[in-house]
Amino acid sequence: MSERRPESVLWDFLRGATMTRALATVSELGISQALAGGPRRVEELAAEAGVDPDSLHRLLRALASDGVFAEGEPGVFRNTAASDVLGREGWPEFAHLFGGVFYEAVRPLGLAIRTGEATFAEDFGTEFWSWLAEHPVERGHFDRAMAGGKDGMAERLAALDWRGGELVVDVGGGNGRLLVGLLRRLPGLRGIVFDLPETERDEAALGDRIEFVAGSFFERVPSGDAYLLSGILHDWDDERAGAILVVIRASAPRGARVLVLETVVPPGNDPNGAKWLDLLMLVLARGRERTEPEWRRLLEVAGLEPVRIEDGLIEARCP
């Protein structure tokens, strides 16, 4: 593969904001779902979505030029592998968030870089989690986005060694999708989904082996044999992430496991999405993605014994 021209690399970054909004717009219009049955003319798609057909054609043409949708004959579009994914669980919500509140949140990134502090509250009038609580529709988008991809995580967790009858506490577990998937694979386990009371959820869907308990993980967590934290600790700086782990350590019996489902930022300059997500975490709440040494230090300072640190799964034990 020939090396890309430096101007092409820079142009991709310059147009990135427009690409983000384009993807959010087409997702909110439900175009991927409308094309699930096969190719369709842009006039039909526009009529269903209630938008201008010429403008929709221009939007889809731009996205198709980078592999999101494909235009076979002029004015007729179909899904590609990328736009198929855009219609799956969690992805429309991610597109909405990145093209909406996240899009606005990264605007003062320069200020965050200068100060090392989150900038969300200054722009939105309150810190990120309070803002979500005050905007239930956006909270719903957030919870559904976080639920996407949980089946793969549940499969990975189920492959670990488990004893029958263990109580698993999903800390910040949202709508419980991860825990439901784990217990479906391991019927001997019981579970607790622990999260803020405003979390969007269907408690009937949790089944009779899972209980929802409301509360803040900065104050207390239920006692259990294993604790799951999926995409929780990267939301916070080391001080507050460590505080969450200390609260868990105080409630956990000796030998309890702490299972953290998060990325481990690799060394070097190879492309890695976590390096970009790290900047979003900074502006939202001064959170961060972490390297292997940073994860090890965070766990040890909280009094936990690291067992494994690999991308997607960090395991520790309570001594």
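The values are calculated or read from the model by the stated rules, or taken from the named source; none is laboratory data. Nothing here was measured: the structure is a model prediction, and the numbers come from that model. No Cβ is skipped: glycine too gets one built from the backbone with ideal geometry, and neighbour counts run over all protein chains shown.
Quick rundown of the values:
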| item | result |
| --- | --- |
| Selection within the range 20-50 - among the aliphatic types (A, V, I, L, M) and closer than 14 Å to SER83 by Cα | ALA22, LEU23, ALA24, VAL26, LEU29, ILE31, ALA34, LEU35, ALA36 |
| Any hit, the range 36-58, residues being touching a residue at least 40 places away in the same chain (Cβ under 8 Å), crowded, with 16+ Cβ neighbours inside 10 Å and not small (Gly, Ala, Ser) | no |
| Within the range 171-181, tally of residues that are under 12 Å from LEU157 (Cα atoms) and surrounded by 24 or more Cβ atoms within 10 Å (Cβ to Cβ) | 2 |
| Test: residue in the range 112-128 that is of a type in the set (A, V, I, L, M, F, W, C), surrounded by 15 or more Cβ atoms within 10 Å (Cβ to Cβ) and over 23 Å from GLU198 (Cβ atoms) | yes |
| Test: residue in the range 290-298 that is assigned by TED's automatic domain parsing to the domain that holds ASP195, crowded, with 17+ Cβ neighbours inside 10 Å and either small (Gly, Ala, Ser) or at pLDDT below 95 (or both) | no |
| Qualifying position, being under 21 Å from the mean Cα position of the chain (by Cα), in a helix (DSSP H, G or I) and closer than 16 Å to GLY231 by Cα, among ALA133, ALA145, ALA121 | ALA145 |
| Criterion violated by GLY273 - all others in (1) under 23 Å from GLU155 (Cβ atoms); (2) more than 13 Å from the chain's Cα centre (by Cα); (3) surrounded by fewer than 18 Cβ atoms within 10 Å (Cβ to Cβ) satisfied | (2) |
| Checklist (1) surrounded by fewer than 19 Cβ atoms within 10 Å (Cβ to Cβ); (2) under 25 Å from LEU277 (Cα atoms) applied to HIS96, failing item | (1) |
| Residues satisfying the stated conditions in the range 232-269, i.e. surrounded by fewer than 17 Cβ atoms within 10 Å (Cβ to Cβ), in a loop (DSSP other than H, G, I, E, B) and either at positive phi or among the β-branched types (Val, Ile, Thr) (or both) | GLY255, GLY268 |
| Output for the range 35-71, where each listed residue is charged (D, E, K, R) and either on the phi > 0 side of the Ramachandran plot or within 26 Å of the chain's Cα centre (by Cα) (or both) | ASP66 |
| For ALA158: the one exception among (1) of a type in the set (Gly, Ala, Ser); (2) out of contact with any Lys or Arg (no Cβ under 7 Å at 6 or more places or on another chain); (3) surrounded by fewer than 20 Cβ atoms within 10 Å (Cβ to Cβ); (4) at pLDDT 90 or above | (2) |
| Residues being free of Cβ contacts under 8 Å to residues at least 60 places away in the same chain, of a type in the set (A, V, I, L, M) and under 16 Å from LEU233 (Cβ atoms) - total across the range 250-273 | 3 |
| Test set (1) farther than 23 Å from ARG288 by Cα; (2) part of a helix (DSSP H, G or I); (3) at pLDDT 95 or above - ASP151 fails condition number | (3) |
| Residue match in the range 195-216 (condition: closer than 22 Å to GLU262 by Cα, among the aromatic types (Phe, Trp, Tyr), surrounded by 14 or more Cβ atoms within 10 Å (Cβ to Cβ) and not assigned by TED's automatic domain parsing to the domain that holds GLU28) | no |
